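Trainee: First the structure, which I've put down as structure tokens, then a few questions once you've had a look.
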Amino acid sequence: MIFAWEQVKYGEIFQRRSKMGVSTPTLPSVEYDDINPGMGTLNKEPKSKGIGKRGIYFNPGDVLFGKLRPYLKNWLFACFEGVAVGDFWVLTSSKIDHGFTYSLIQTPGFQYIANLSSGSKMPRSDWGLVSNARTFIPINHLEQERISSVLFGLDHAITLHEEKKRQLERLKSALLQKMFAYKSGYPAIRFEGFSDEWEQCKVKDIFKITRGKVLAATETSEEKSDISPFPVYSSQTKNNGLMGYYNANFPGFYNSSHTADRFSASRISFMHDFPEMRGSQL
């Protein structure tokens, strides 16, 4: 059986809560800075914050949508009871699944109308525009639940990957401090079999900085071809900076994109003196 979708106004399916409350040890507050933009997660434990903050009361299952500078994508699916402090809409619905509500406010259609905001320095979403805009929703609640379940699952996976990324970044930061020698001449962490003191030298003794020859526009081709396959970019604003295409016979370098000053872009270019390094990429 194929279930239909119906066209509705956002104002017909969303209700905004207006009841105010004050944060307590058991009724935490959520502010703009507490939310990771675009991720719908909190960056701190709500109950660890101060008390006595006044905001809009929300229930588990409600959706917090930051109406101030809506392009920041400050949204949250509430899993606890609390108060939303600041320029939030606290959205609930008696007509559609709560999870589907959270998914719907993230769609391009809702984001477009929410960003047709008033004000230039401090733009805010206009409820008059949003509530009268139309969208389509599935009539069958089971389909709504399944859609939101898939998207919640993806959110969870993204959060796990973001946490893994943060852990790896912290590990790299620690290793950059521990695996290089500083005043003592000896790194704090070393591979087995290495114990010699590191040599101290000046940067100019180990690095050579040069500037390539200027590549004139007349040396490039307007069309990409087997003869001229490499894009050349410049500081110009037209055509997204693309000046043309250059041939593959530039002496000394290979397998790279170029800038107008023949600096490599996209891939690292190595002189032929180092064949073991050929093909390395950024």
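Trainee: Just want to confirm a number: the relative contact order over the stretch 122-239, from Cα pairs under 8 angstrom separated by 6+ residues, in percent.
Mentor: Here the relative contact order equals 8 percent.
Trainee: Over 18 Å, how big is the tail of the calculated P(r) for the stretch 102-198, in percent of all Cα pairs?
Mentor: Everything past 18 Å amounts to 71 percent.
Trainee: Right, something else. Using only protein heavy atoms and a 1.4 Å probe, report how much of H141 is accessible, in Å² to the nearest 10.
Mentor: For H141, the solvent-accessible surface is approximately 90 Å².
Trainee: Per-residue accessible area for K9 at 1.4 Å probe radius, Å² rounded to 10?
Mentor: 60
Trainee: Leaving ligands and nucleic acids out of the surface, order D226, D34 by accessible area at 1.4 Å, largest first.
Mentor: Greatest to least solvent exposure: D226, D34.
Trainee: Next question, about the same structure. How would Y57, Y233 line up by accessible area, probe 1.4 Å, largest first?
Mentor: I get Y233, Y57, largest accessible area first.
Trainee: Sorted from largest down, give the three principal axis spans of the alpha carbons of the stretch 8-60, whole angstrom values.
Mentor: For the stretch 8-60, the Cα spread along each principal axis is 40, 26, 16 Å.
Trainee: Go ahead and run the numbers for FRET between L142 and E162, Cβ-Cβ distance against an R0 of 45 Å, rounding to 0.05.
Mentor: Efficiency for this residue pair is about 0.90.
Trainee: Between W198 and S225, what is the label-to-label distance in nm when each label sits 7 Å out along the Cα-to-Cβ direction?
Mentor: Roughly 5.1 nm, to one decimal.
Trainee: Let me spell out the model: positive unit charges on the Cβ of Lys and Arg, negative unit charges on the Cβ of Asp and Glu, origin at the Cα centre of the stretch 1-149. What dipole size does that give, in debye rounded to 20?
Mentor: 460
Trainee: Treat each spin label as a single point 7 Å out from the Cα along the C-beta direction, and report the K121 to E6 distance in nm.
Mentor: Label at K121, label at E6, 4.6 nm between them.
Trainee: If each of K44 and Q177 carries a label point 7 Å out from its Cα toward its Cβ, how far apart are those two points in nm?
Mentor: Taking the simple label geometry, K44 and Q177 are separated by 2.3 nm.
Trainee: What order do T135, T218 take when sorted by accessible area (1.4 Å probe), most exposed first?
Mentor: Sorted descending by solvent-accessible area, the residues read T218, T135.
Trainee: Can you give the relative contact order of the stretch 33-160 as a percent, counting alpha carbon pairs under 8 Å and 6+ residues apart?
Mentor: 22
Trainee: Which entries of K9/K67; K19/K73; K47/K95 show an alpha-carbon separation above 26 angstrom in the structure shown?
Mentor: K47/K95
The values are calculated or read from the model by the stated rules, or taken from the named source; none is laboratory data. Because the structure is a prediction, the values reported are computed rather than measured. No Cβ is skipped: glycine too gets one built from the backbone with ideal geometry, and neighbour counts run over all protein chains shown. Accessible surface areas use protein heavy atoms only, side chains included; no ligands, DNA or RNA. Shrake-Rupley method; radii C 1.70, N 1.55, O 1.52, S 1.80 Å.
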